[in-house]
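Q: Sharing a structure here in structure tokens format.
The values are calculated or read from the model by the stated rules, or taken from the named source; none is laboratory data. Everything numeric in this text was worked out from a predicted model, so none of it was measured. Using ideal geometry, Cβ is built from the backbone for each residue, glycine included, and neighbour counts are taken over all protein chains shown.
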Ligand code: SF4
């Protein structure tokens, strides 16, 4: 495995509870990095020698502004390409957006704003516009994240460039019932993640290194990242192994897990089966936050 990117989930907390959120971001979530834990993760990333980009995301990373700014400064000073993902809740006016973003100018190579129908509540569109205008003035490169709607039932127009909606995280509870369902045994591959060589992984405030959300490679607060990477044998990993061999359907058959007959997509089946396997693999299928359970704080 060669990791080139670390995505730091700075906090599981968010101003919103979007229907499609993989990480169950919410105002009630717990788990937030400190400046010291960010420093530790960046040092671990640097010690690998292959990581070249760091993203700060969540949850909503701007909720912990001082920690975010500290992390961005440290990451940029270390020589990483730095990105941030945000819902722009902070851009209440153009002057406010300008002041919020000013310290990041020259440090951030990609500011990705979540702009889709899941985030289109209240005055969010106006805030996105303020954030975009401020970023343009400050020459902070901008990206946009758009997630498609379920394939039936919503009646809403989809953004033309929307990314596929994956039924994992909160989407399994809130959106899956609106999609076309397919037989469980047709989901014989993981369509979205390269579990053998993921390239980038997410690191959460508790130290879990996620191959996919809620599938832990290990905890980098307990074991160094180079050791975790060296020790990873994809085919022998208790969850990634079956997924590589035959997708979520193999997780069902290998472990004899109870299941329904039809699912919205591979992630929907994967998520449900993993929930049932959590008592068997508590260190791997973690933490609680990724399964919508109120979890321990950082
Ligand atoms: S099938 Fe499972 S491992 Fe693959 S992307 Fe979906 S949730 Fe993640």
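Q: Where the second residue is part of a strand (DSSP E or B) and the first is at positive phi and lies in segment 203-216, which pairs have Cβ atoms under 9 Å and are six or more apart or on separate chains?
A: Close Cβ pairs satisfying both conditions: 207/218; 207/219; 214/208.
Q: Among the candidates 264, 245, 240, single out the residue that is surrounded by 19 or more Cβ atoms within 10 Å (Cβ to Cβ), within 16 Å of the ligand (Cβ to nearest atom) and under 15 Å from residue 185 (Cα atoms).
A: 264
Q: Also, I was wondering about something else. Condition (residue is part of a loop (DSSP other than H, G, I, E, B) and at pLDDT 95 or above) applied to segment 110-128: is it met by at least one residue?
A: No, every residue in segment 110-128 fails to be part of a loop (DSSP other than H, G, I, E, B) and at pLDDT 95 or above.
Q: Still on this structure, I have one more. Determine which single condition residue 151 fails, assuming it passes every other condition in (1) touching a helix residue (DSSP H, G or I) at 6+ places or on another chain (Cβ under 9 Å); (2) modelled with pLDDT of 75 or more.
A: Against the list (1) touching a helix residue (DSSP H, G or I) at 6+ places or on another chain (Cβ under 9 Å); (2) modelled with pLDDT of 75 or more, residue 151 comes up short only on (2).
Results for (1) within 14 Å of the ligand (Cβ to nearest atom); (2) within 23 Å of residue 5 (Cβ to Cβ); (3) part of a loop (DSSP other than H, G, I, E, B); (4) touching a helix residue (DSSP H, G or I) at 6+ places or on another chain (Cβ under 8 Å), shown as yes or no for each residue.
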position	(1), (2), (3), (4)
201	yes, yes, no, no
209	no, yes, no, yes
217	yes, yes, no, yes
227	no, yes, no, no
251	yes, no, no, yes
257	yes, no, yes, yes
271	yes, no, no, yes
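Q: Check 45, 71, 59 and return the single one that is in contact with a strand residue (DSSP E or B) (Cβ under 7 Å, 6 or more places away or on another chain), in contact (Cβ under 8 Å) with a residue 40 or more places away in the chain and in a loop (DSSP other than H, G, I, E, B).
A: 59
Q: Further question: Checking the structure you have, find out if any residue of segment 169-186 is outside any loop (DSSP other than H, G, I, E, B), within 12 Å of the ligand (Cβ to nearest atom), surrounded by 15 or more Cβ atoms within 10 Å (Cβ to Cβ) and at pLDDT below 80.
A: Yes; the residues of segment 169-186 include at least one that is outside any loop (DSSP other than H, G, I, E, B), within 12 Å of the ligand (Cβ to nearest atom), surrounded by 15 or more Cβ atoms within 10 Å (Cβ to Cβ) and at pLDDT below 80.
Q: Which one is farthest from the ligand (Cβ to nearest atom), of the residues in segment 273-283 that are assigned to a loop (DSSP other than H, G, I, E, B) and in contact with a helix residue (DSSP H, G or I) (Cβ under 9 Å, 6 or more places away or on another chain)?
A: 280
Q: Taking segment 20-42 only, how many residues are surrounded by 19 or more Cβ atoms within 10 Å (Cβ to Cβ) and either outside any helix (DSSP H, G or I) or out of contact with any helix residue (DSSP H, G or I) (no Cβ under 6 Å at 6 or more places or on another chain) (or both)?
A: 13
Q: Here is a check on your reading of the model: is residue 193 surrounded by fewer than 23 Cβ atoms within 10 Å (Cβ to Cβ), modelled with pLDDT under 95, in a loop (DSSP other than H, G, I, E, B) and in contact with a strand residue (DSSP E or B) (Cβ under 8 Å, 6 or more places away or on another chain)?
A: Here the answer is yes, as residue 193 does meet what is asked.
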